[in-house]
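Novice: Let me begin by handing over the structure; questions about it come next.
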Amino acid sequence: MLLTIAVKEFRERLFRLRFVSTLIALIVLVSATVIALAYEHRTQADDYNRRVEFHRREVEKTDFNLMRVDRPAPALSSLFNGLGANAPDQIELSDSAPPESRQTIETEATEAMFPAIDLSFCIRVVLSLVALLFSYDAITGEKESGTLKQVLSNSVSRATLLAAKWIALTATMGVLVIAALASGALLARLLPGSPFVIRASDALALLMISAVGILLVSVFTILGILVSSLVPSSSSSLAILMLAWVMMVFVFPNASPYLAVWLSPAQTYQQASRSEKQINSEMYAQLKERNAKGAEKVRDEKLKGPEMQEVARQIRKAWNEERKESLNRLREDYRARLRQQEKKSALIAALSPYGSATQAMAALSDSGMESDDRFFRLARIFDDDQLSAHSRLRAEMSKAQRPSPPVFTYESTPLGERLSVVAFQLSVLIAYNAALFIASLWAFRRYDVR
Amino acid sequence: MDILTSDSRLQTPDSRLSRNWMVWCFTAPVRGAVVFVDVAMGWPVIRRAKASDSQVWIIAEKEIAENVRNFKIPAAFSLLTVLILMSFFLMSLDYQKRLDNWSTNRAAQSDKLFSGITSNYRSADNQMTMTASSVQSEPLIRKPMMMSVMAKGLDSLMERSVTIGEHASVPPAVGFTFGASQERNRNVMTAAAPDLLFMIKIIVSLLALFFAYDAIAGEKEMGTLKAMLSGPVRRRTVLIGKWIGASLSLAVPFLMAALIGLVYLRLVRGFSFEGAEWMRVALIFAASILYGLVFISLGLLISARSATRKQSIAVALACWVLLVLVLPNVTTLVTERLRPLPTVTEHNISVIPLARQIESEVAASGSEEGFEFPGYGIHHQSAAPKIRQIARQADNDHIARKLDRDRLARTLARFSPAGAFSYAVTDLAGTGLGEFQSYIGKLQRGRDRQIELADEKQNTISINIANEAEQKKANEKLAEFFEKAKQLNRDLYESLVVMRSPQEAIGDALPDLAALAAWSALMLMMAALAFNRADVR
């Protein structure tokens, strides 16, 4: 019975003008977005290659106390923006300072005014609105047209009817989600000169993203059904749903970072920078003292040329390590507090299904904060292991004998890691689905169908 | 009957002519203008006459009463008040944080800090001497604008630390490089600021559509529309009456909520605006109302063309998504395709061959021996002034092209009311594109002065030093130039704190405000035409 009703409703909705026009409009929007994003992606990929080449030559020319490592744009960049231009794609590693992250792409004024939209936006914002528009009159519409009491008078339980409607609507929306992602991916693949090459892990990530998208639109669908079974008329149902949508999609996600700053304040950037400079200054004063002692030693022992330089080098090396360590400690402290603030705002945002979906899609497409942190972690490991080994070798051997410097290649986050990161967000989405369904059941049982 | 022929002033001799669309299209602008002038001129007449004598006013009042009765106005007022208060709360916290950040930077300028040591090891007689340590202060940052509480705009972009000094890729040249953003919380960086601009852009437009979408379609469904029109009332009157009713239903709650917000800002958060800033605030509110009017007119147009309320709201929301969410962001993408520009890295790398050419010319003449800059190559002192000029020209060209692209984006954004609105309000608040371009101009001039100083230094101080006495004099001169450079930097940042005059800001915002007015007029005209042809049965 459930399946029969569901299939009937699904077929009904699929062949209506509003569904077909929505589908066409969606594909047009997705295409326009993907064309622009693919172009961006190609520019970034070219820039990355150029930078890597430039650094390689630079490293050979300098005496190699400064190395820059780069990260390419994520594989799914033609579809998803994520942090975009705010993500550091280069980290500077040196002997004497802790790793310093940089963005090579400068944020332009126009982009700061209107950030570019991506496929994630199309699904989260546009399709959630469409889900509401399809479901706001699920119950009230049928009541107003008189068919509700007819259906219910034919020994169809209210629960079955409700579930059938939900399944049908979600399936309809699911078609839209998959159409959007599939057409986007296909277009990105087919565009000439596109750097969009999907490996198996990325294809699976795309599947997971579509699952997240379907979970999100299903939340909005059941929300629409819930409100529809709580209020007597369609227009009040829509008004309430629009209010909820605006709050969930625009107000709450953008206000939550600012809320988190209020709830969990951290040092400002200048304060942290000033403390760092003060420590730096103390360290330099120490270096001056140590150098003075070294000069005395040179004078007493009457050292010449290479031996004198050896003394200087030893002093400098020990001092460098100490300085790097104390600066690291300071930065880690600052970064920890900042991360706490970020986590709090992520948590607050994840409490809403829209926020959870946003975070999940960003993490699954490897363009969120987690991949940012991962880049930093990998650069640190590279610095600690390979680069220090190399500088030790460098100190011991002559220039001719030195092996070439190690090369850093960034590997994108493995799928398993991405999934473990989004476990919380997925459970939030599933919980909302369950809770809202139960609430709708309760509301619909009490609904006056006359 | 054609509403335009029923107006005695516009009566054409041959009413069949009015159905000839070609002629109609040509005369439509004139007719439309006359309609508006008619209403505008009639306004004092309407007010002087008793309310019951004016049909437009009766219809408007009925609309407003309806909106109060079905809770639209109370709901709109509560929603706007809550959101505006929340927005002012969060943005004032954000402003306070950024202001503290700036004050720390300011205070840090007088810290006496070391950040480098020059040591000379002279191999003769085992002498090892450590000489002067350079004192380097944190690059200055610009003070945040107080009106960023209302529209954050590009304020965080202008807050980045800027160092005017060694060029990013060509060490002998002078350039300016932007440092890190002052905001380190990545969530704040990627979120849209929940400022007044954001709230108005999203909420006011939606509310306007909500007030207007069922103005005509709803009455048609209920059957009261044909009843109303069967009486001695012109269609135009009905439309204008509904428009005025819907506009007042939106504008009055909005202004009240905004005033409450301003009182909150002043009394609770302690923000006080001076004379000129009040003018900016007033203009921002005026722009917001104009923005709302665009969507009221759009709502009426859609309502007139729709058969049912459901169709009306669906089309209205689709238009809203297109005009507010999609179009402005698409202009970003479109301008990037229309005006492709090299990235900053690319540009910096492209300056190197230009410099190297000059170096090789000097090297070919063999007049001096150069020294090596790692990553750049051999540099000859005498080539420096020319290299500085070439780099400066290349940088200026790159910046000019960027600013040109931004201006194009702004022009294209006027195709969306939300785009025009955002540009107008940010400029009025002093955090917009006009301010940003003036900011870049000041940076360019600061850099030019540093170039002049560098040239002067090169001409005054020679590097071939014979003895101790000359070394000492050269050191003194160097210190003098160092001080001059620092002073130039300080002067630059003093100039950056100064916001442009309100006249300039208004001048920049005016085309966008005009675009909004044009949108509103266009939508209303189309609504009138649609309503005129609408089947009300």
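The values are calculated or read from the model by the stated rules, or taken from the named source; none is laboratory data. The structure presented is a predicted model; accordingly, all values stated were derived computationally and were not measured. Ideal geometry is used to build each Cβ from the backbone, glycine not excepted, and the neighbour counts take in all protein chains shown. To get the accessible areas, we keep the full protein, side chains included, count just its heavy atoms, and leave off ligands, DNA and RNA. Shrake-Rupley method; radii C 1.70, N 1.55, O 1.52, S 1.80 Å.
Novice: Of all residues in the stretch A:207-222, count the ones that are touching a residue at least 12 places away in the same chain (Cβ under 8 Å), more than 12 Å from A:Ile123 (Cβ to Cβ) and open to solvent by 20 Å² or more (accessible area, probe 1.4 Å).
Specialist: Number satisfying all stated conditions: 1.
Novice: Which of the residues that make up the stretch B:357-388 are assigned to a helix (DSSP H, G or I) and closer than 24 Å to B:Thr343 by Cβ?
Specialist: Across the stretch B:357-388, the qualifying residues are B:Gln357, B:Ile387, B:Arg388.
Novice: For the stretch A:151-180, enumerate the residues that are open to solvent by less than 30 Å² (accessible area, probe 1.4 Å) and closer than 30 Å to A:Ser31 by Cβ.
Specialist: Of everything in the stretch A:151-180, those that are open to solvent by less than 30 Å² (accessible area, probe 1.4 Å) and closer than 30 Å to A:Ser31 by Cβ turn out to be A:Ala168, A:Leu169, A:Thr170, A:Thr172, A:Met173, A:Gly174, A:Leu176, A:Val177, A:Ala179, A:Ala180.
Novice: Any idea which of B:Leu354, B:Leu325, B:Leu300, B:Leu341 is open to solvent by 10 Å² or more (accessible area, probe 1.4 Å), in a helix (DSSP H, G or I) and more than 7 Å from every other protein chain (Cβ to nearest Cβ)?
Specialist: B:Leu354
Novice: When only residues in the stretch A:429-450 that are under 14 Å from A:Lys149 (Cα atoms) and assigned to a helix (DSSP H, G or I) count, which is most open to solvent (accessible area, probe 1.4 Å)?
Specialist: Restricting to residues being under 14 Å from A:Lys149 (Cα atoms) and assigned to a helix (DSSP H, G or I), the top hit is A:Arg445.
Novice: Only one of A:Thr22, A:Thr107 is open to solvent by 20 Å² or more (accessible area, probe 1.4 Å), over 21 Å from B:Arg186 (Cβ atoms) and of a type in the set (Ser, Thr, Tyr). Can you tell me which?
Specialist: Answer to the selection: A:Thr22.
Novice: Which residues, taken from the stretch B:84-101, are under 19 Å from B:Ala258 (Cα atoms), open to solvent by 10 Å² or more (accessible area, probe 1.4 Å) and aliphatic (A, V, I, L, M)?
Specialist: B:Leu85, B:Met86, B:Leu93
Novice: Listed residues B:Gln444, B:Gln458; which is surrounded by fewer than 18 Cβ atoms within 10 Å (Cβ to Cβ) and closer than 30 Å to B:Thr332 by Cα?
Specialist: Selected residue: B:Gln444, the only one of B:Gln444, B:Gln458 that is surrounded by fewer than 18 Cβ atoms within 10 Å (Cβ to Cβ) and closer than 30 Å to B:Thr332 by Cα.
Novice: Quick check: anything in the stretch A:260-270 in a helix (DSSP H, G or I), hydroxyl-bearing (Ser, Thr, Tyr) and either surrounded by fewer than 20 Cβ atoms within 10 Å (Cβ to Cβ) or more than 7 Å from chain B (Cβ to nearest Cβ) (or both)?
Specialist: No; the residues of the stretch A:260-270 include none that is in a helix (DSSP H, G or I), hydroxyl-bearing (Ser, Thr, Tyr) and either surrounded by fewer than 20 Cβ atoms within 10 Å (Cβ to Cβ) or more than 7 Å from chain B (Cβ to nearest Cβ) (or both).
Novice: Right, here's the next one. Can you go through A:Val156, A:Val151, A:Val69, A:Val130 and tell me which one is within 11 Å of another protein chain (Cβ to nearest Cβ) and among the hydrophobic types (A, V, I, L, M, F, W, C)?
Specialist: Testing whether each residue is within 11 Å of another protein chain (Cβ to nearest Cβ) and among the hydrophobic types (A, V, I, L, M, F, W, C) leaves just A:Val130.
Novice: I need a count of the residues in the stretch A:402-420 that are open to solvent by 50 Å² or more (accessible area, probe 1.4 Å) and of a type in the set (Ser, Thr, Tyr).
Specialist: Final tally of qualifying residues: 3.
Novice: Give the stretch A:13-32 a look and list any residue that's away from chain B (no Cβ under 13 Å) and without any contact (Cβ under 8 Å) to a residue 12 or more places away in the chain, or say none.
Specialist: A:Phe15, A:Val20
Novice: Scan the stretch A:280-300 and report the pairs whose first residue is within 9 Å of chain B (Cβ to nearest Cβ) and within 23 Å of A:Leu327 (Cβ to Cβ) and whose second residue is small (Gly, Ala, Ser) and loosely packed, with under 14 Cβ neighbours inside 10 Å, with Cβ atoms within less than 9 Å and a gap of 6+ or a chain change.
Specialist: A:Tyr284/B:Gly116
Results for (1) part of a helix (DSSP H, G or I); (2) not polar (S, T, N, Q), shown as yes or no for each residue.
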residue: A:Arg13; (1), (2): yes, yes
residue: A:Ser21; (1), (2): yes, no
residue: A:Leu37; (1), (2): yes, yes
residue: A:Arg68; (1), (2): no, yes
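Novice: Got a sec? Which of A:Arg199, A:Arg189 is more than 19 Å from A:Cys122 (Cβ to Cβ) and open to solvent by 40 Å² or more (accessible area, probe 1.4 Å)?
Specialist: A:Arg199
Novice: Also, I was wondering about something else. Which members of the stretch A:223-237 meet the condition of being in a helix (DSSP H, G or I) and more than 11 Å from A:Leu132 (Cβ to Cβ)?
Specialist: Residues satisfying the conditions are A:Leu226, A:Ser234, A:Ser235, A:Ser236.
Novice: Please go through the stretch A:301-340 and give me each residue that is over 40 Å from the mean Cα position of the chain (by Cα), in a helix (DSSP H, G or I) and within 13 Å of another protein chain (Cβ to nearest Cβ), ordered by number.
Specialist: Answer for the stretch A:301-340, where residues must be over 40 Å from the mean Cα position of the chain (by Cα), in a helix (DSSP H, G or I) and within 13 Å of another protein chain (Cβ to nearest Cβ): A:Glu301, A:Gly305, A:Pro306, A:Glu307, A:Met308, A:Gln309, A:Glu310, A:Val311, A:Ala312, A:Arg313, A:Ile315, A:Arg316.
Novice: Consider only pairs whose beta carbons are under 8 Å apart and that are at least six residues apart or on different chains; among these, list those whose first residue lies in the stretch A:225-250 and is at the interface with chain B (Cβ under 10 Å from one of its Cβ atoms) and whose second residue is acidic (Asp, Glu) and surrounded by 20 or more Cβ atoms within 10 Å (Cβ to Cβ).
Specialist: Filtered contacts from the stretch A:225-250: A:Ser234/A:Asp137; A:Ser235/B:Asp214; A:Leu238/A:Asp137.
Novice: Let me spell it out: the conditions are (1) assigned to a helix (DSSP H, G or I); (2) at pLDDT below 90; (3) not small (Gly, Ala, Ser), and A:Ile348 meets all of them except one. Which number is the exception?
Specialist: Here A:Ile348 meets the rest and fails (2).
Novice: Determine which member of the set B:Glu359, B:Glu336 is buried (at least 16 other Cβ atoms within 10 Å of the Cβ) and more than 10 Å from every other protein chain (Cβ to nearest Cβ).
Specialist: Answer to the check: B:Glu359.
Novice: Here's a follow-up. If the Cβ limit is 8 Å and pairs must be 6+ apart or interchain, which residue in the stretch B:234-251 that is assigned by TED's automatic domain parsing to the domain that holds B:Ala528 pairs with which residue that is buried (at least 21 other Cβ atoms within 10 Å of the Cβ) and of a type in the set (Asp, Glu)?
Specialist: Pairs that qualify, where the first residue is assigned by TED's automatic domain parsing to the domain that holds B:Ala528 and the partner is buried (at least 21 other Cβ atoms within 10 Å of the Cβ) and of a type in the set (Asp, Glu), are B:Gly241/B:Glu63; B:Lys242/B:Glu63; B:Ile244/B:Glu63; B:Gly245/B:Glu63; B:Ala246/B:Glu63; B:Ser249/B:Glu63.
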